[in-house]
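Have a look at the structure below, then the notes.
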Amino acid sequence: MKINPIGLQAINSYKNQARPVKQIDANKSFSDQIEISSKAKEMQATSTYASERAERLQKIKEEIESGNYKVDARQVAEDMLKYYRR
């Protein structure tokens, strides 16, 4: 059996075909833009979560330092069950 070599043009015959190339307008400049929704702006303005948490932590620290901090065992057990049931 004789195997004839195949020329390079036969392997990649599509390379020789012209492909249409889109012209990019050099005068246009592209830039990224960020848009924040009105709901997000509203949430950002009215969010007091950070300040409420800081106040709550300060209160807990004071109670621990004075020795008056009591742990609610029932609440701890409920939270543990919620966590492990997920």
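The values are calculated or read from the model by the stated rules, or taken from the named source; none is laboratory data. Just so we're clear, the structure is a prediction, and the values are computed from it rather than from any experiment. Positions of Cβ are backbone-derived with ideal geometry, glycine not excepted, and every protein chain shown enters the neighbour counts. Side chains are part of the model used for accessible areas, which takes the heavy atoms of the whole protein and leaves out ligands, DNA and RNA. Shrake-Rupley method; radii C 1.70, N 1.55, O 1.52, S 1.80 Å.
Values for this structure:
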item	result
Residue match in the range 22-41 (condition: β-branched (V, I, T), at pLDDT below 90 and open to solvent by 100 Å² or more (accessible area, probe 1.4 Å))	yes
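Residue-wise test of (1) assigned to a helix (DSSP H, G or I); (2) loosely packed, with under 10 Cβ neighbours inside 10 Å; (3) among the aliphatic types (A, V, I, L, M).
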| residue | (1), (2), (3) |
| --- | --- |
| M43 | yes, no, yes |
| E52 | yes, no, no |
| K59 | yes, no, no |
| E62 | yes, no, no |
| E65 | yes, yes, no |
| N68 | no, yes, no |
| V71 | no, yes, yes |
| A77 | yes, no, yes |
| K82 | yes, yes, no |
